[in-house]
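So the structure is just underneath, and the comments pick up after that.
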Amino acid sequence: MIYQVDDILEKLENCIKNKIPFSHIRFGDGGIKFLDAILHANFEQMRIIISKEGLPAAKLVEIFELWGYYSRRADFIDTPEVYFNDTFWPRVKKKGKPINKETKAKMLDWKNLYFDSEFDNESYCNPESNYLMVIRRSNVKNILDLMKNKRIALITAKPKVKKDLSDYSVDIIEIVAHYQNQYKNSFHEVMDIIKHQSKNYDFWLVAAGELGRIYTGEIKERGGRAVDIGFVVEFWMGESIHPRILPYLKRSDKNKLELLLTKEGRKYERWI
C-alpha cells in the first residue's frame with residue numbers, strides 16, 4: 001500500500017504523543033542506484049556514490065545490510081511506483097526533459113531491487129513525501145504544524161538553517177557536506193549523539209544523504225522518532241525547489257517555509 005502524507009504525519013503525531021519509536025526512510029533514485037550498484041556489481045556507479053556521499057569502499061556491504069535492517073523496521077519507506085501509475089507527476093529532470101534511460105530502468109526495477117535487498121516492508125510512501133509534508137492545504141496539518149512547541153533535532157550539512165527555523169526549538173547536529181567524506185568526518189560522532197540523545201527530542205529531522213537512512217533507522221532503534229526531509233532544508237533556506245517539481249509546487253507568499261500546489265499540482269492532490 002502507498003500511504004499518503006496525511007497518514008505519515010498522523011502516525012508521527014500519535015507516536016510523539018505516546019512516545020513510540022518511528023522512522024520514515026526515503027531512498028529516492030539515489031538509493032535505487034546504490035542498491036543496483038551493490039547487487040549488480042556496477043563499480044563505476046559505486047565509485048560515483050563513494051565520492052559524493054563519503055562512503056568507504058570497505059563499508060559498502062555493511063551499509064547495504066544496515067539499509068535492509070532499518071527498512072524492515074521502518075514505519076514507512078518510499079517507492080518510485082508513484083511515478084509510473086498515473087497517481088503522481090512524472091519523474092523528470094525538468095519539464096520536458098526525461099530522466100536518462102538507465103535511471104528509469106533501475107527505478108522500474110525497484111521491486112526486484114527491494115526484494116533482493118530484503119527490505120521486506122510494504123508500508124510505502126511517496127519519494128517526494130519530504131516536500132509534500134510542507135505543503136499548506138486547507139484543514140490539513142503539515143510537518144511545520146507538528147514542529148510547533150516541540151523539541152526538534154535536525155541532522156544537516158546546512159547549520160545556518162537554524163536562523164530560518166527561529167520560530168521553532170531546533171538543535172542542529174552538523175555533518176559535512178557532499179564530497180567531504182561524511183563517513184570519516186561525521187558518521188561516528190552522529191551515531192554517538194543518537195545513541196545518547198535519541199529520546200531527548202520529540203522527533204528528529206534528517207537531511208544526510210545515503211548515510212541518513214542509517215541515522216533515521218538508528219534513531220528509531222534507540223527509541224526516538226525520525227523523518228527524512230532531504231532537500232527541504234535548502235528550500236527552508238530560500239533556495240528554489242528542484243526544477244522537476246516547479247510546475248506542481250510553489251513557495252507560499254504567506255510563509256516562506258511552506259509550499260502550495262499550483263494549478264497543475266492540484267490535479268494530483270487526492271493522491272498526495
(request) Would you mind checking the stretch 225-266 for residues with the amide N under 11 Å from a putative spin-label position 7 Å along Cα→C-beta of residue 167? (result) 254-258
(request) Take 81, 218, 44, 118 and order them by how many other Cβ atoms sit within 10 Å, fewest up front. (result) 44, 118, 81, 218
(request) With r as the distance between the Cβ atoms of residue 192 and residue 160 and R0 = 22 Å, compute the FRET efficiency 1/(1 + (r/R0)^6) and round to 0.05. (result) 0.40
(message) Can you work out the Karplus-derived ³J(HN,Hα) for every residue in the stretch 39-51? Use 6.51 cos²θ - 1.76 cosθ + 1.60 with θ = phi - 60°, whole Hz, and x for glycine or proline.
(response) 6, 10, 6, 8, 5, 5, 5, 4, 4, 5, 5, 4, 5
(request) Take the alpha carbon gyration tensor of the stretch 171-272, find the square roots of its eigenvalues, order them as a ≥ b ≥ c, and report rounded if a/c is under 1.5; if not, report prolate when a/b exceeds b/c, else oblate. (result) prolate
(request) Sequence neighbours fewer than 8 away in the same chain don't count; with that in mind, list the lysines whose C-alpha is under 19 Å from residue 263. (result) 94, 95, 250, 254
(message) Between residue 6 and residue 95, what's the calculated FRET efficiency when r is the beta-carbon distance and R0 is 22 Å? Round to 0.05.
(response) 0.20
(request) Kindly state, to the nearest 0.05, the FRET efficiency for residue 246 paired with residue 174, given R0 = 25 Å and r defined as their beta-carbon distance. (result) 0.30
(request) Starting from the Cα gyration tensor of the chain, take the square roots of the eigenvalues, sort them a ≥ b ≥ c, and report rounded, prolate or oblate (rounded when a/c is under 1.5, otherwise prolate if a/b is larger than b/c, else oblate). (result) rounded
(request) Tell me what the chain gives for mean residue ellipticity at 222 nm when only DSSP H runs of n ≥ 4 count, each as -39,500 (n - 2.57), the sum divided by the residue total, rounded to 500 deg cm²/dmol. (result) -11000 deg cm²/dmol
(message) Taking the Cα centroid of the stretch 149-210 and of the stretch 85-141, what is the distance between the two, rounded to the nearest whole Å?
(response) 24 Å
(message) Set the bar at 25 Å for Cα to Cα. Now go through 162/195; 199/256; 11/97; 17/220; 52/104 and name every pair that lies beyond it.
(response) 199/256; 11/97
(message) Test of understanding: what is the full-extension gain from residue 145 to residue 271, defined as 0.36 nm times their sequence separation minus their Cα-Cα distance?
(response) 43.3 nm
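Bear in mind these aren't lab numbers, they're just calculated from the coordinates by the rules spelled out. Values in this document were obtained by computation on a predicted structure and should not be read as measured data. Here Cβ is always computed from backbone atoms with ideal geometry, including for glycine, and neighbour counts include all displayed protein chains.
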